[in-house]
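Below is one structure; the comments refer to it alone.
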Amino acid sequence: PHLDVMYAGFGVLIDGFDTLDEIANQQTDYMDKPLADQRIKTIVRVR
């Protein structure tokens with residue numbers, strides 16, 4: 001879903017920096033939206 005600047009995503013990346021780089025280097029349109037869907041398949045909550 002589209003984020004309308006009213007929401008913030010935050011957290012700490014402790015592993016998977018290569019995956020982050022792949023996501024960050026995807027082509028985007030004029031509104032900076034990725035041309036291909038980017039999906040998070042796994043999230044681990046660490047306390």
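The values are calculated or read from the model by the stated rules, or taken from the named source; none is laboratory data. The structure presented is a predicted model; accordingly, all values stated were derived computationally and were not measured. Counting neighbours? That spans all protein chains shown, and the Cβs are built from the backbone with ideal geometry, glycine included.
Quick notes on this structure:
- Options Leu13, Leu35, Leu20: the member that is among the aliphatic types (A, V, I, L, M) and at pLDDT 90 or above: Leu35
- Residue in segment 11-21 that is of a type in the set (Ser, Thr, Tyr) and loosely packed, with under 10 Cβ neighbours inside 10 Å present: no
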